[in-house]
1. Can you bin chain A into rounded, prolate or oblate? Criterion: square roots of the alpha carbon gyration tensor eigenvalues sorted a ≥ b ≥ c, rounded for a/c under 1.5, prolate for a/b above b/c, oblate for the rest.
2. Can you tell me how chain B classifies by the Cα gyration tensor, rounded, prolate or oblate, using a/c under 1.5 as the rounded cut?
3. Who wins for biggest fluctuation among B:167, B:197, B:95 in a Gaussian network model of chain B, springs between alpha carbons below 10 Å?
4. How much mean residue ellipticity at 222 nm does chain B get from its helices, if each DSSP H run of length 4 or more adds -39500 (n - 2.57) and you divide by all residues, to the nearest 500 deg cm²/dmol?
5. Taking the Cα atoms of the protein assembly as shown, report the difference between the largest and smallest coordinate on each principal axis, in whole Å and largest first.
6. For all pairs of alpha-carbon atoms in the stretch A:171-273, what percent lies in each bin of width 5 Å, listed from the first bin to the last filled one?
7. For the stretch A:122-238, restrict the atom set to alpha-carbon positions and state the Rg and Dmax in Å.
8. Quick one: A:250, B:53, fewest Cβ neighbours within 10 Å first, how do they rank?
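Since every read-out is calculated from the coordinates, none of them should be taken as a lab result. On a predicted model such as this, the values are computed, not experimentally measured, just so you know. A quick note on method: Cβ atoms are made from the backbone with ideal geometry, for glycine too, and the neighbour counts reach across all protein chains shown.
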């Protein structure tokens, strides 16, 4: 795609490119040098501050892995609970009955308009006030509750967009052979929509993993992020090192999930067996804010593949 | 019924949220556009930088970025962003910085997908009349791209509004911080939560509606 914007380069353009490359490299090097200088000055690059991650297993077994485990547990629980809930809400939003469609629409739009952190703060206070869940488990419950409320409504939109992206002929054919509405949904539309939605669902998992960190920062949930905090106070102010290691772990997890989602998306667009409807990774970015403009799905089945 | 609100600066807290949103929005729009230009440009090093930046930043939780800005940049490296000794000012600026770093990756992707919607023929025609890369981008492609990305950018703005609550993690006195404080001190849990939820609905809903209308209005008809 990028080659569309400029011609094959002649000698002058090539020379200019080299100039830009050099200039940019200088700027980049200057910034990196400044960062390096600063880190060095504050002693953050000393081997003392980094060695626990490379020699010995204590830092990993005591801090990072338990934190990672909690992050994964919270994310997995949230996904497992939110997915069926989202499917129900998504289908309910497509109902023919206004008394089902209306309230569900309000609920879905409401929970998408509110920050997850607000939901989590509410949930933790709610649990401490009205339930006897012990205070060690409360953060996990609150994090999962917040994530479920938000992500169920986003997944509801993904399910709805997935169903709407199917060609109309599918519903018509199902009706023509005399299937009921429920049968049309469960044996014709939903199976195809689920395949179309898989990449979007995987990318939603990235959003969930990232949001679990909120619990670590604000609700004292012992997740991967809070393990960075604990480490930097235990090992003596190696904040930069701890945060770098934790950030790299987040990047590895989420990058693998994103790559997996794009791979799924490409594979599905290629396959001839489906109806051609695929909800891509970029759809998820749109759905995670709030509905803008006209309904989804109109363009979702279109052929524009995202290049990556 | 609402007397529990007394003694709390509810509007002030939401005003901080709005300020965080607006400043970060302007910053990330500029930086995101620059990143997008790098990603579609002819210089391989810039392309590589843009791609790496977006892939790294998009996959880190915003919470990690903002906490790092406070604990790493400020407390370890003594970066104050010109805030002097005033921790409120410093934390506010660090939060804006973190939000810009994070949001610009999404702005970049939105604009790049907008550039993808401009038909190949437009860029080809522009090149055929002898415009160079910057002219093609500035005069032909970006004006059309921006019109088609108002919808996606509105989504980014709404997500940004909600993301400002993460600044609570470093103690910026915005809505989520106040909500936490009020819940600790007052008894009306449900009412307080409802007030804050309502506040965010009021902030995000009109943005969505207005920009949704604008994006339809200015969309390039093809």
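1. On the way: a/c = 2.60, a/b = 1.27, b/c = 2.04.
Oblate shape, in that a/c is at least 1.5 and b/c is the bigger or equal ratio.
2. Working: a/c = 3.23, a/b = 1.69, b/c = 1.91.
Oblate.
3. Ranking B:167, B:197, B:95 by mean-square fluctuation puts B:197 first.
4. Numbers: 9 runs with 155 residues, N = 222.
It lands at -23500 deg cm²/dmol.
5. Sorted largest first, the three principal extents are 68, 66, 49 Å.
6. Spelled out bin by bin, the stretch A:171-273 gives 2, 11, 14, 13, 11, 10, 9, 8, 7, 5, 4, 3, 1, 1, 0 percent.
7. Rg, Dmax (Cα atoms, Å): 21.1, 72.
8. Working: A:250 24, B:53 18.
By the 10 Å Cβ count, ascending: B:53, A:250.
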